[in-house]
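All remarks here apply to the structure that follows.
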Amino acid sequence: MQRKTVAEIDLAALRHNVQCLDDGKSTLIAVVKANAYGHGMLRIAEELVQCGVKILAVAFIDEAHTLRNSGITQPILVLEGPLARAEFDWMVMHNCWPMLHSQEQLDWISPHRVFDVPLWFKVDTGMHRLGFSADEIMTFFAQPQYAKIKENMVLATHFACADNPEDPFSQQQIDAFRELHQNFGCPISISNSAGHIHELASGFGQSDYARVGITLYGCAPNNQAEVLSTRDLHPVMTLKAPIIAMREVAHSEGVGYGQTWTATRDSTIATVAIGYADGYPRHASNCGRVLVNGITCPIVGRVSMDMITIDVTDVPCNIGDQVVLWGESNRVEHIANAMGTINYECVTRVSERVPRNYLNPYCIDKKK
C-alpha cells in the first residue's frame, strides 16, 4: 500500500514551459538545483534533456556529481563555483562550467592551460553576494598571459530586483555591466527567471544565456500568479493529500494544538494527511486555503507534523477525497502570499517522504 499524499509532477507542463520560455534570442540554461525546486532533480533533468535543453545548472558540485553519476552528459553550470582547487579541476574535466567569483579561484587558472569548457566570471553589479568588481576583472585580464582565456569566457551577473520590472536598480546593474562588457565582447548571462520574462536584458541586442529556474516549474518569480499568463506558463507540481477523517464540531469548540481556532458556528472539520514533516508550511495555520472537490476551504487550527484540519462545512466531501494543496487550480503563490513568504520556499520544502508521481513523460507523449 502507498500513502496517497503525493506531489504530481506534470512533465508535459514542464516541456510546455520550456517552449514558452525559449524566445529564440537567449540560450536557455535550465536550473535544476535544490532537487529541481522540489520536483526531483534526476527525473526533471532527464526530461529536460529529452526535450532538447542543452545546458543545465546546479548550485554546487555535489549536485553536479549526482547528475554525472546518473548519466547526464550535457554541460552543467555550477552557480556557486568551485570551493577548492580539486573541485575546479574536476569541473573542467567533466564538462561542468565553473562560475568564478573570488580572487582565490583566479589563482587556479594556469595561463598555459587550454580550457575546453567556458570559464564564467561572476560580476558583482550591486547584489553584493558573489562576484568580482569591474576593476578586479579588468586587472586580471590586463595581464597578457591571460589574454587567451578571453576567447572562451562568459561574463555573468545577477539581478537583485528583477521581480519588480519597474525598479530602477535593475537598470543601474545593466549600465554597470554594459560598461565592463564593452571591454570584452564575450558572451554574457544577465537574466534569471524574472529578468528573462520581463526582458530586462533586451537592450544588449545580442544573444546570451538565460538562467531559468522558478519559471521553468510554472511559478511566478515575483509571487504574483498573474505574471505567468504573459508567457502561458503552467504549474508543474500539484500537491495532493486525502481526507482521512471527518467530525462535527459545535459552536465555540476549538480545533488543533493550542486551540488557536474556535468554531463560530456548528462546523464540519476534515482531517487531511499532510503536515510540516511533508514540507507543508506550518505558517499556513489559520490562513491557508485548499481545494476540496473544486471548492476553496480554509485551514483551521495549527498545521501539525502529519496532518492539517480544514473547514468543509459547506462542501460536499467524503473520507478518501483528494485535497489540492497547490497546483494549477490553487496556485502556490496564493498560499505563499497568505503566509508572507515566497513560492520558492513552498515547493523546495516538499520533503522526500512525499512520493513524486511523474505524469506525461516525453517518450509517451511523443508517441501520441
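Data overview
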{"quantity": "Which listed pairs, of 4/54; 54/148; 33/54; 33/148, have C-alpha distances above 27 Å, in listed order", "calculated": "4/54; 33/148"}
{"quantity": "Segment 220-267: GluC sites (Glu not before Pro) in DSSP loop, at most 15 other beta carbons within 10 Å", "calculated": "253"}
{"quantity": "Contact order relative to length of segment 292-368, as percent, for alpha carbon pairs under 8 angstrom and 6 or more apart", "calculated": "19 percent"}
{"quantity": "Taking all pairs of distinct alpha-carbon atoms in segment 259-340, Kirkwood radius in angstrom", "calculated": "12.7 Å"}
{"quantity": "Exposure proxy order (Cβ contacts within 10 Å, fewest to most) of 102, 267", "calculated": "102, 267"}
{"quantity": "Per-residue Cβ neighbour rank within 10 angstrom, fewest leading, 136, 46, 104", "calculated": "104, 136, 46"}
{"quantity": "P(r) weight above 23 Å for segment 11-219, C-alpha pairs, percent", "calculated": "44 percent"}
{"quantity": "Relative exposure of 186, 161, judged by other C-beta atoms within 10 Å (fewest first)", "calculated": "186, 161"}
{"quantity": "From phi via Karplus (6.51, -1.76, 1.60), per-residue ³J(HN,Hα) for segment 15-27 in Hz, x at Gly/Pro", "calculated": "5, 4, 5, 4, 4, 6, 7, 7, 8, x, 9, 10, 6"}
{"quantity": "Kirkwood Rh in Å, taken over all unlike Cα pairs in segment 194-334", "calculated": "16.8 Å"}
{"quantity": "For the chain, the fraction of alpha-carbon pairs in successive 20 Å shells from zero, as %", "calculated": "27, 49, 21, 3, 0"}
{"quantity": "Segment 264-359: trypsin sites (Lys or Arg not before Pro) falling in loop per DSSP and having at most 11 other Cβ within 10 Å", "calculated": "265, 353"}
{"quantity": "Computed over the chain: relative contact order in percent, which uses C-alpha pairs under 8 Å that are six or more apart", "calculated": "19 percent"}
{"quantity": "Spin-label model distance (nm) - residue 260 vs residue 69, 7 Å beyond Cα toward Cβ", "calculated": "3.9 nm"}
{"quantity": "Net +/- balance of residues flanking residue 61 in space, Cβ distance below 9 Å, scoring K and R +1, D and E -1", "calculated": "-4"}
{"quantity": "Contact order relative to length of segment 237-359, as percent, for alpha carbon pairs under 8 angstrom and 6 or more apart", "calculated": "29 percent"}
{"quantity": "Loop sites in segment 138-224: GluC sites (Glu not before Pro), DSSP, at most 12 other Cβ within 10 Å", "calculated": "166"}
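We did not get these values from a lab; they are worked out from the coordinates using the rules stated. Everything numeric here is computed off the predicted structure, so don't read it as measured data. FYI the Cβ positions are ideal-geometry reconstructions off the backbone, even for glycines, and counts take in every protein chain you see.
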